[in-house]
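The values are calculated or read from the model by the stated rules, or taken from the named source; none is laboratory data. Quick caveat: nothing in here was measured; it's all calculated off a predicted structure. Using ideal geometry, Cβ is built from the backbone for each residue, glycine included, and neighbour counts are taken over all protein chains shown. In case anyone asks, the SASA skips ligands and DNA or RNA and just uses the protein heavy atoms, side chains included. Shrake-Rupley method; radii C 1.70, N 1.55, O 1.52, S 1.80 Å.
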Amino acid sequence: HDTGAITLEQARLIQKILKLSNSAVHGIAVKTYEANEIIDIANVLVDQYISWLSWGFDDGWKPRHNG
């Protein structure tokens, strides 16, 4: 975030993922709603990353849509 590579929102989402993941790794109980929140956050970050990959390319690439 400090160098402008990601947004403040993305940095906060990543910090939240790391904090909860670190707790789980060290044996601290993680509530189901917390785990689900992290999954939702990860989906947002993945969608943003895939969108970022297609910026500035003139080959017409688009993310695959499931469904």
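Figures for the structure shown
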item	result
Two-site label geometry, residue 21 and residue 37: point separation in nm, points 7 Å out along Cα→Cβ	1.7 nm
Apportionment of accessible area to carbon and sulfur, segment 1-41, percent (1.4 Å)	57 percent
Of the trypsin sites (Lys or Arg not before Pro) in segment 1-47, those whose Cβ has at most 11 other Cβ within 10 Å and which sit in DSSP loop	31
